Every structure is written in structure tokens, then in C-alpha cells.
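Reviewing the structure listed below.
The values are calculated or read from the model by the stated rules, or taken from the named source; none is laboratory data. Computed from a predicted structure; not experimentally measured. Don't worry about glycine lacking a Cβ; one is built from the backbone with ideal geometry, like all the others, and counts go over all protein chains shown.
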Amino acid sequence: MPMLKPRKRITKKQMKQDKLVTYSFKVLNYVQDHSRQFIFGITGLIVVLLIGFLMVSSKKKKEISAANMLGSSEIVYQSGDYQNSIPLFESVIQRYDGTRSSAHATYLLANAYFFTGNFDKAHQYFERYVNKYHKLPTLTASAIAGVAACYEEKEDYIEAGRWYERAASEFQDFYMAPEYLLSAGRCYESAGDTEKAKRVYQRIVDQYPESNSIQQAKVSLIEF
């Protein structure tokens, strides 16, 4: 009677390979059965990627155009012709809203209005910069102080002092912070609120003993 040969034991490696082959066939069959869906899916992905590329490219071109227009406007502004720089900055903001150049144009437009004595418009654009952009700390601090300066020009000294204090408080490490506090004290004094004036002068003494504003703060405190 012939001897039966023992069955070979299937190794774990062979089992994994068989499972892999089986899985591969299943995937292949699924793709074949749903070929139209896969084609549409890949086509859709390509369209999305293409749209994304075009949007990035378009945004980059918009930023470049905005920067060129802002540069031309700044030349007029830097020459001291603030009145004629106003419509130029307004055009940058209207045509290129959302760009970095539009943000910078907003700040410079506020300054241009301030230097031409239109404090309501200056206030509007300083506050717009603070609320809408506020990404650059130095310009944001200056814009907050700009709102304060507008209030001061309109002789609303309490509000002016409050906004100068805000600029100093939100940007305590900014080199202009002690100067903002000095301006706040001046405004509070003009409003007759000596307690608030003394408080901000004391802040200069306590927080900024090495600043250029320290002597004026000390003199103001002695005078009370």
C-alpha cells in the first residue's frame, strides 16, 4: 500500500501572499466594475487642482499689480502732496481689496486724511485698519494712536487718552509705548482728569525707567 505523502504546511508568508493576491483581484474587479466613477473622480481631482493653481497664480498677479499701484501712490505721498495721494490710495483699496498692499494703503490713506485736516475720515480709516488688518504690530499700534490723535484734534480728550492708553497697553514692548502713555496723560490733563493723568505718568516711571519719556513723566507728577 503506497505511503501517503504528508501535506505541506502553508507558511504564514504564503498565507499573507495569498491574501494579498486575493485582495488585489478584488480591488481590480471593483475598479473595472466602477470604471466610470473612477474616471470621473480622477477628472474631478485634476479640475480641483487646476482651479487651485489658477487661483494661486491669479492671487499672485493681483498682489504684484497692487504693489505696483501702491508704489506709485507712495511716491506722491512721500513728496508731501497728501491731497493728491488720497484718490490714489482709495483706488488701491477699491481695486485690490484683501491684498497686503490694500492694507498698507488703508493706513497711509488715514495718514493722508489726517495731514490734510480731515480728522473724521482719518479716524474712519485708522479704525478700519485696526479692525480689518492688524497683522503688523507696529502699524496697528500706530493706527490705534492715530485714532487717539483724531480724538485729540477734535478735543475729545477722554477718548483720546483712552485710545493712547490702548496703544501702549496692547503693545507694551513697542518703543513708542511710553510716548503713547505720555500723550494719554496730556489728554487726561486737558480733560481735567488729574487722577487718570497721574496714573499713566506713574506707569511710565514704573514700566519704562530707561525711556526718553521718563523725565517728562516725573516733572508732570511733581506738578500735581
#### Entry: Tabulated pairs, the stretch 185-207, first on the phi > 0 side of the Ramachandran plot, second of a type in the set (Ser, Thr, Tyr) and assigned to a helix (DSSP H, G or I), C-beta under 9 angstrom, 6+ apart or interchain
192/157
### Failed item, numbered, when residue 94 is tested on (1) among the polar types (S, T, N, Q); (2) buried (at least 17 other Cβ atoms within 10 Å of the Cβ); (3) closer than 21 Å to residue 61 by Cβ
(2)
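Can residue 200 be described as among the β-branched types (Val, Ile, Thr) and in contact with a Gly (Cβ under 6 Å, 6 or more places away or on another chain)? Outline the logic, then answer.
Working: among the β-branched types (Val, Ile, Thr): yes; in contact with a Gly (Cβ under 6 Å, 6 or more places away or on another chain): yes.
Considered against the rule, which asks whether it is among the β-branched types (Val, Ile, Thr) and in contact with a Gly (Cβ under 6 Å, 6 or more places away or on another chain), residue 200 comes out as yes.
Matching residues to (1) hydroxyl-bearing (Ser, Thr, Tyr); (2) modelled with pLDDT under 95; (3) surrounded by 18 or more Cβ atoms within 10 Å (Cβ to Cβ):
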{"site": "158", "(1), (2), (3)": "no, no, no"}
{"site": "163", "(1), (2), (3)": "no, no, yes"}
{"site": "167", "(1), (2), (3)": "no, no, yes"}
{"site": "172", "(1), (2), (3)": "no, no, no"}
{"site": "178", "(1), (2), (3)": "no, no, yes"}
{"site": "188", "(1), (2), (3)": "yes, no, yes"}
{"site": "191", "(1), (2), (3)": "no, no, no"}
{"site": "195", "(1), (2), (3)": "no, no, no"}
{"site": "201", "(1), (2), (3)": "yes, no, yes"}
### Summary
From the option list 89, 119, 114, single residue qualifying as crowded, with 20+ Cβ neighbours inside 10 Å and closer than 23 Å to residue 179 by Cα is 114
